[in-house]
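The block underneath contains the structure these notes are about, expressed in structure tokens.
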Amino acid sequence: MKTKFSLSIVAAMCLAASAGQPMKFLSFNIWGDYFKNPVGEREAAIESTIRQYAPDVISLQEVTPNWWNGSLFKNLSADYGIVRGDEEASMRRAGAKGPMKPRWINHEPLLYRKDRLALLDSGLDFFHVSMGAEKSVTWAVLEDKSDKRRFIAFATHFWYKGNGAESDAIREYNALQIMWRLSELRHKWGDLPVIGGGDLNAKPGALAHGVFERNGFVNAADAADVRSPHCSHHGDPQRGADGKYHGKLRPPDYDKPENSIDHVLYTKGVHGLRHEIGTDQTALDATDHSPVLVVFELR
């Protein structure tokens, strides 16, 4: 009995030693400005929400030109490296012809905390330029400066239409495009753990999720030690009598994980400690998607 107890202590110590210090991955769709919803009225709240969570890696979605030209990235750049890739080269690789258009930019940048992580490799792949240049995947190979552990992270946004089988198949194709990129990266960098996510426009069980599952990914909403009971998409904030945007959670019968369309996924070597969907009023007022935070360890 004494020997077993000693071995269990040793095993616990080894497990603790094999896990790095926890990191935070945040996925956040910031509601573009497609609907006469000005960036200037919301960027301070978006920045406040990001700083509240203090993530190490950030996947943003719907970053339109006005977001790039506003204060958000200027303010965040002191603490975060911003990966947006070579947009023109990526567009040409995806089949774009003629002069670059203003909307042909990276709407899904990936950010990483510069004081903790070193950027080893990065890039951008647009999914389908002819149907919508707003959907892409931005990827990075990152190294924890404290212990030299390496991992791959990605930020993405999938095809948005909800017209049944055709759109589901397009989103499945988007997931397959990510698998191709990850295969290329692992050929170059080795079998590194992967964490990534964004607005997949797909509820659990959809075809796109099947692609991730078949390639060894799990959803933090299912696999993390602690998981949120909320839905990630709460709907468009509405202007009130005070002229300001106000958002709220979905009704209780809809505000459930099975209705989420924003997801953080990861492979072996990543252990999810906590999955959290933000419900604070600042975020609800600023965008139609709640931030999705995953606290994780590299093991």
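The values are calculated or read from the model by the stated rules, or taken from the named source; none is laboratory data. Because the structure is a prediction, the values reported are computed rather than measured. Note that we place each Cβ from the backbone using ideal geometry, even for glycine, and neighbour counts take in every protein chain shown.
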Qualifying residue in the range 202-218 (condition: under 12 Å from His263 (Cβ atoms), of a type outside the set (D, E, K, R) and in contact with a Lys or Arg (Cβ under 6 Å, 6 or more places away or on another chain)): yes
Matching option when the condition is more than 21 Å from His234 (Cα to Cα) and crowded, with 23+ Cβ neighbours inside 10 Å, among Ala165, Ala175: Ala175
Candidates Ser130, Ser146, filtered to the one that is polar (S, T, N, Q) and either under 15 Å from the mean Cα position of the chain (by Cα) or closer than 21 Å to Val270 by Cβ (or both): Ser146
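Restricting to the range 94-128, name every residue that is outside any loop (DSSP other than H, G, I, E, B) and modelled with pLDDT under 95.
Residue satisfying the conditions is His128 alone.
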First in the range 281-298 and in contact (Cβ under 8 Å) with a residue 12 or more places away in the chain and part of a helix (DSSP H, G or I), second anywhere and aliphatic (A, V, I, L, M) and crowded, with 22+ Cβ neighbours inside 10 Å, Cβ under 6 Å, 6 or more apart: Ala286/Ile46
Options Val295, Val270; residue that is of a type in the set (Val, Ile, Thr), in contact with a Leu (Cβ under 6 Å, 6 or more places away or on another chain) and at pLDDT 95 or above: Val295
Residue count, the range 279-299 (criterion: surrounded by fewer than 19 Cβ atoms within 10 Å (Cβ to Cβ) and not acidic (Asp, Glu)): 4
Qualifying positions in the range 131-153 - under 20 Å from Pro291 (Cβ atoms), surrounded by fewer than 24 Cβ atoms within 10 Å (Cβ to Cβ) and modelled with pLDDT of 95 or more: none
Answer residue from the range 116-130, given it is surrounded by 17 or more Cβ atoms within 10 Å (Cβ to Cβ) and in contact with an Asp or Glu (Cβ under 7 Å, 6 or more places away or on another chain) and is farthest from Ala89 (Cα to Cα) among those: Leu117
Any hit, the range 107-114, residues being in contact (Cβ under 8 Å) with a residue 12 or more places away in the chain and surrounded by fewer than 17 Cβ atoms within 10 Å (Cβ to Cβ): yes
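With the requirement that a residue be surrounded by 13 or more Cβ atoms within 10 Å (Cβ to Cβ) and not basic (Lys, Arg), what does the range 89-98 give you?
Within the range 89-98, Ser90, Met91, Ala94, Ala96 meet the criteria.
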Residues of the range 77-124 that turn out to be touching a Pro at 6+ places or on another chain (Cβ under 8 Å), more than 16 Å from His157 (Cα to Cα) and among the basic types (Lys, Arg), as a count: 1
Residue list for the range 155-181, restricted to those being within 19 Å of the chain's Cα centre (by Cα) and without any contact (Cβ under 8 Å) to a residue 40 or more places away in the chain: Arg171, Glu172, Ala175, Leu176, Met179, Trp180
